[in-house]
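Asker: Input: one structure, supplied below.
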Amino acid sequence: MAFRRSRQPCAKTFLSLLVCKQTPILKKNYLLFAILSLSFSLFAQQETDEKKEEKKVKFAVIPLPTYSEPFGFGLGLMTNAYYRLNGADTISPKSSTSLFGYFTENKTWIGMVRQNLYWGKDKNRVMVMYARGDIKSQTYFDFLPSGFTQYTSNFSFVYADYMRNWAGKLYLGPAIIFSKMSTEFPDIPIPTPLETKRNFNAAGVRSQWDSRESIFYPVQGINSELRVMYYAPFMGSEVEFSNVTFSISTYQKLAKKMVLAINGQAQLAVGDNVPFEQQNVVGGRVLRGYTNGKYRDNQVYCLQTEYRYNFWKRFGAVGFVGAAWAGPDISNLSENGILPAAGVGLRWNMIEKDHINIGIDYAWGKADGGFYFRITEAF
């Protein structure tokens with residue numbers, strides 16, 4: 001049973017907690033000033049003298065003050081550490097450890113740790129992620145007389161994959177996820193099948209074709225990824241379905257300091273009984289300009305392009321446009337129509353040698369919009 005056109009005024013998942021369009025303009029300006037002030041106070045601490053010996057571990061830190069109607073005021077912190085597992089291996093990208101924490105006025109909280117490892121002259125790639133959180137928000141269902149309703153979602157998961165370089169730029173390997181999720185709708189007076197406490201466990205494969213010269217700020221090449229996960233009873237999953245994610249990004253250097261990036265994505269939840277929690281949403285990494293949950297369905301498709309310009313020393317700017325489609329399957333994407341988006345952003349090259357940027361974007365969607373804070377690029 002698919003529940004479509006969920007109009008949730010702010011982000012559902014920890015990957016993209018945004019400042020929604022409902023935020024008063026003065027609060028938006030305060031937020032922008034706060035994030036820039038706090039961030040640049042951290043930037044000033046970075047080493048700029050390239051003649052000094054390179055540090056073995058480098059850090060990128062960005063604070064995340066936010067405000068939105070369902071969550072109230074919130075504050076988070078994102079920290080990434082970059083380093084080489086083998087100092088003599090200059091072919092492998094730098095490995096990274098990421099920490100993320102977030103807490104809001106309505107007692108929503110999220111914590112996450114992620115580990116990316118590269119070794120053996122980039123023959124081996126590993127990603128491990130663990131997250132826990134409790135999200136209190138609201139969503140919209142067509143079958144409810146009042147439309148909007150409150151919900152809480154408590155979740156935890158651990159994900160891991162390993163890819164080996166088999167030939168040329170091709171990487172391939174296994175992936176696994178174990179997750180628990182408890183969802184409640186306190187304002188619905190009768191029991192509902194959406195109110196559940198279930199395990200979602202899956203095994204699958206992840207593949208990647210990666211001809212980029214840099215994983216942090218590519219100026220040429222292609223990065224294509226395919227991940228297929230089967231949520232199976234033998235894994236302990238209480239619902240049987242599949243999740244397929246495909247993305248492809250191309251990069252073209254236009255001039256010395258200008259890059260054009262183009263991205264296409266497809267996120268497909270396939271099965272007779274895809275659960276509410278596992279449907280795909282327009283927003284976040286899929287398409288900036290939409291708060292996660294406003295448009296959700298089993299399948300989401302997206303096309304976007306971004307112009308990147310390093311205009312002065314470590315400062316850069318981006319401009320981007322895109323569109324998304326959402327529906328129960330590829331033959332029924334017209335229900336929500338085309339969902340356009342556009343936006344602009346600022347960048348600061350925090351770790352100059354590896355061109356690791358941190359930045360802030362603002363994007364406009366269809367009657368929507370929001371700020372996005374990030375370390376590295378959107379795609």
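Asker: Could you line up SER224, SER214 from fewest to most neighbouring Cβ atoms inside 10 Å?
Answerer: In order of increasing Cβ crowding within 10 Å: SER214, SER224.
Asker: For region 170-274, what is the Kirkwood hydrodynamic radius in Å, using each pair of distinct C-alpha atoms?
Answerer: Every distinct Cα pair counted, the radius reaches 16.5 Å.
Asker: Counting only Cα, what are the radius of gyration and maximum Cα-Cα distance Dmax of region 25-375, in Å?
Answerer: 20.8, 68
Asker: Looking at region 269-374, which GluC sites (Glu not before Pro) are DSSP coil and have at most 13 other C-beta atoms within 10 Å of their C-beta?
Answerer: GLU335
Asker: Here's something else I'd like to know. Could you pull the Rg and Dmax for region 56-179, using just the Cα atoms, both in Å?
Answerer: Rg then Dmax for region 56-179, in Å: 19.3, 64.
Asker: Give me the tail of P(r) for region 269-365 as a percent: Cα-Cα pairs with distance above 22 Å.
Answerer: Roughly 41 percent, once rounded to a whole number.
Asker: So how do 165-171, 239-245, 294-300, 181-187 stack up, highest first, on mean other-Cβ count within 10 Å?
Answerer: Put in order of decreasing packing, that is 294-300, 239-245, 181-187, 165-171.
Asker: Output the pairs from LYS58/LYS136; LYS253/LYS353; LYS169/LYS313; LYS58/LYS313; LYS56/LYS256 with a Cα-Cα distance over 27 Å in this structure; if there are none, say none.
Answerer: Table pairs above 27 Å Cα-Cα are LYS58/LYS136; LYS169/LYS313; LYS56/LYS256.
Throughout, read-outs are computed from the coordinates displayed, never taken from laboratory work. No experiment lies behind these values; they were computed from the predicted model shown. Heads up, the Cβs are rebuilt from the backbone with ideal geometry, glycines too, and the neighbour counts pull from every protein chain shown.
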